[in-house]
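The values are calculated or read from the model by the stated rules, or taken from the named source; none is laboratory data. These numbers were taken from a predicted model, which means no experiment stands behind them. As a convention, Cβ positions derive from the backbone with ideal geometry for all residues, glycine included, and neighbour counts pool all protein chains shown. Keep in mind that these areas ignore ligands, DNA and RNA; they rest on the heavy atoms of the full protein, side chains included. Shrake-Rupley method; radii C 1.70, N 1.55, O 1.52, S 1.80 Å.
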Amino acid sequence: MTEIGIPVIIVSGLGLLFGLLLSYASKKFEVKPDEKIEIIRGLLPGANCGACGFTGCDLYAEAVAGGAGINLCPVGGMDLAEKLAEIMGKETAACEKYIARVMCKGTWDNVSIKYDYDGIVDCRAAAQMAGGPSSCIYGCEGMGSCKKVCLFGAIEVENGLARIIEEKCAGCGKCIAECPKGIIKMVPARSEYSVSCSNHEKGAVARKNCKVACIACQRCVKECPENAITIVDYCAVIDPGKCVNCGKCILVCPTGAISKYTGYQ
Amino acid sequence: MKEILLIALGAILVNNFVLSKFLGICPFLGVSKKSSTAFGMGGAVIFVMTLSSAVTWTVYKFLLEPNGLDYLQTIVFILVIAALVQFVEIVLKRFIPALFKALGIYLPLITTNCAVLGSALLNIESNYNLLHSVVFGLSAGVGFTLALILFSGIREKLEFCDIPDAFQGLPITFIAAALVSVAFTGFKGLFGI
């Protein structure tokens, strides 16, 4: 009996001793979690989209409690920034709402089809095959890879073109990272006009591949009273910081590459 | 005195735990990416090894040996080490949270680190007394830290090297580790150890 009893007593006794020591130490050296983190976490939208630059809402809550910027969450926007400012005792920082916008109008009506794509329904897979089935290698492929990653159901694909429902877009930027063509851009939500084309080929080629391509004719550049439009690599770009939503550019565009979006405050 | 010096030099250089005995390879490869974390991990291992050497020796001599329970040494030592590591973790979390975060998963991993258990078992095997055991534990930890820091220096340099694709990442790390280990065989026979 003692042959078994003594080892059992010794080992379990040691275990008990260490257990008691540890529980005493954990009480004595306890680190109280910051209450603010819990409160802030409750306020955050919980989309875990990562647009703030932190991996998920939990880490952002910790970072805010540790002094990070309070206006980094595009999903919560201004309302959230104000609430966080109150908790952290900080000044409310300006929080410009950004949304994503697909800079392409290449529906199947506007572009021609190079070949019948029959592979995986994924933009990156399609892009591997001679730049995708669309005649414009810069344009949207309409496979909806961006739609799949959108956590907010803000992307629709119609007739081979992804379109972002601007009221639903939270500006997390997941679709931008997903798009193999890099044609989704962040713009301030208040901006109403964008050049919806990303074609960087010379005018004639661009026009041949897509009916509504920007041909870099410079007319909008000359028309713009705010000098907000520049031509970058044969494609016009509106600087939303300078744009006053006057809409003069859309009137002179010969191809219809500039579009009016809903935009909202 | 001479004996203590020989034990220390033996554990640090000649029979380096990582580079000669190949104990504790997991943290050696895992934490050696940056010198700063290498220092932190080294410090934690030195602390745990020294303390565990003293405690395991005491437990063995006064609890296990008199009762003829030598066969229980492995499980009891693991128990002791696990409790110690937990204790170090609690203390670090309270007093040096930055180091606690930097060590991350590797601190709990000391629990199952064979180097720590190895030093405890070697103490018993070599019939050391309490002082010798503590010195051995301490210098084994120092040797581990030395290897870790030397290697983290090499890995930081490796970051900037043009390594062939096939060797990138772990393969080149293993090759570098082997070369460091070969270099340490130069200490063999030093002071007749």
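Just a few scattered comments:
- Of the residues contained in the stretch B:85-96, one or more are found to be among the polar types (S, T, N, Q), within 18 Å of B:Met41 (Cβ to Cβ) and within 11 Å of another protein chain (Cβ to nearest Cβ).
- A:Gly119 vs. criteria on the phi > 0 side of the Ramachandran plot and either touching a Gly at 6+ places or on another chain (Cβ under 6 Å) or of a type outside the set (Asp, Glu) (or both): no
- Set side by side, the residues B:Ile163, B:Ile175, B:Ile105 differ, and just one is more than 30 Å from A:Glu62 (Cα to Cα), over 14 Å from the mean Cα position of the chain (by Cα) and modelled with pLDDT under 90, which is B:Ile163.
- Of all residues in the stretch A:13-35, those satisfying the criterion of being over 14 Å from B:Glu89 (Cα atoms), open to solvent by less than 80 Å² (accessible area, probe 1.4 Å) and at the interface with chain B (Cβ under 10 Å from one of its Cβ atoms) are A:Gly13, A:Leu14, A:Gly15, A:Phe18, A:Gly19.
- The condition of being among the aromatic types (Phe, Trp, Tyr), closer than 16 Å to B:Ala11 by Cβ and surrounded by fewer than 17 Cβ atoms within 10 Å (Cβ to Cβ) holds for only one of B:Phe167, B:Phe191, that being B:Phe191.
- Residue in the stretch A:88-109 that is in a loop (DSSP other than H, G, I, E, B), of a type in the set (A, V, I, L, M), closer than 30 Å to A:Gly256 by Cβ and modelled with pLDDT of 85 or more present: yes
- Scanning the stretch A:64-87 for residues that are part of a helix (DSSP H, G or I) and free of Cβ contacts under 8 Å to residues at least 24 places away in the same chain yields a count of 7.
- Looking only at the stretch A:191-229, and only at residues there that are open to solvent by 70 Å² or more (accessible area, probe 1.4 Å) and either among the acidic types (Asp, Glu) or touching a Gly at 6+ places or on another chain (Cβ under 9 Å) (or both), the one that is farthest from A:Ala154 (Cα to Cα): A:Glu223
- Residue list for the stretch B:64-84, filter: touching a residue at least 12 places away in the same chain (Cβ under 8 Å) and either within 16 Å of B:His132 (Cβ to Cβ) or at the interface with another protein chain (Cβ under 10 Å from one of its Cβ atoms) (or both): B:Leu64, B:Val76, B:Val80, B:Ala82, B:Leu84
- A:Phe29 being under 30 Å from B:Ile81 (Cα atoms) and aromatic (Phe, Trp, Tyr): yes
- Qualifying residue in the stretch B:42-63 (condition: at pLDDT below 85, surrounded by fewer than 18 Cβ atoms within 10 Å (Cβ to Cβ) and away from chain A (no Cβ under 14 Å)): yes
- Inter-residue pairs, beta-carbon under 6 Å, first under 20 Å from A:Cys150 (Cβ atoms) and part of a helix (DSSP H, G or I) and in the stretch A:36-54, second modelled with pLDDT of 85 or more and of a type outside the set (Lys, Arg), 6+ apart: none
- Condition met for B:Gly143 (buried (at least 21 other Cβ atoms within 10 Å of the Cβ), away from every other protein chain (no Cβ under 11 Å) and touching a Ser or Thr at 6+ places or on another chain (Cβ under 6 Å)): no
- Members of the stretch A:60-81 found to be over 17 Å from A:Gly46 (Cα atoms) and either touching a His at 6+ places or on another chain (Cβ under 7 Å) or buried (at least 16 other Cβ atoms within 10 Å of the Cβ) (or both), listed by number: A:Ala68, A:Gly69
- Filter pass, A:Ala170 being of a type in the set (A, V, I, L, M) and more than 13 Å from the chain's Cα centre (by Cα): no
- When residues in the stretch A:161-190 are screened for being touching a Phe, Trp or Tyr at 6+ places or on another chain (Cβ under 6 Å), open to solvent by less than 20 Å² (accessible area, probe 1.4 Å) and under 17 Å from A:Ala47 (Cα atoms), 2 of them pass.
- All of (1) of a type in the set (A, V, I, L, M, F, W, C); (2) open to solvent by 50 Å² or more (accessible area, probe 1.4 Å); (3) in a helix (DSSP H, G or I) hold for B:Phe22 with one exception: (3).
- Positions within the stretch A:110-125 being touching a residue at least 60 places away in the same chain (Cβ under 8 Å) and outside any strand (DSSP E or B), in sequence order: A:Asn110, A:Ser112
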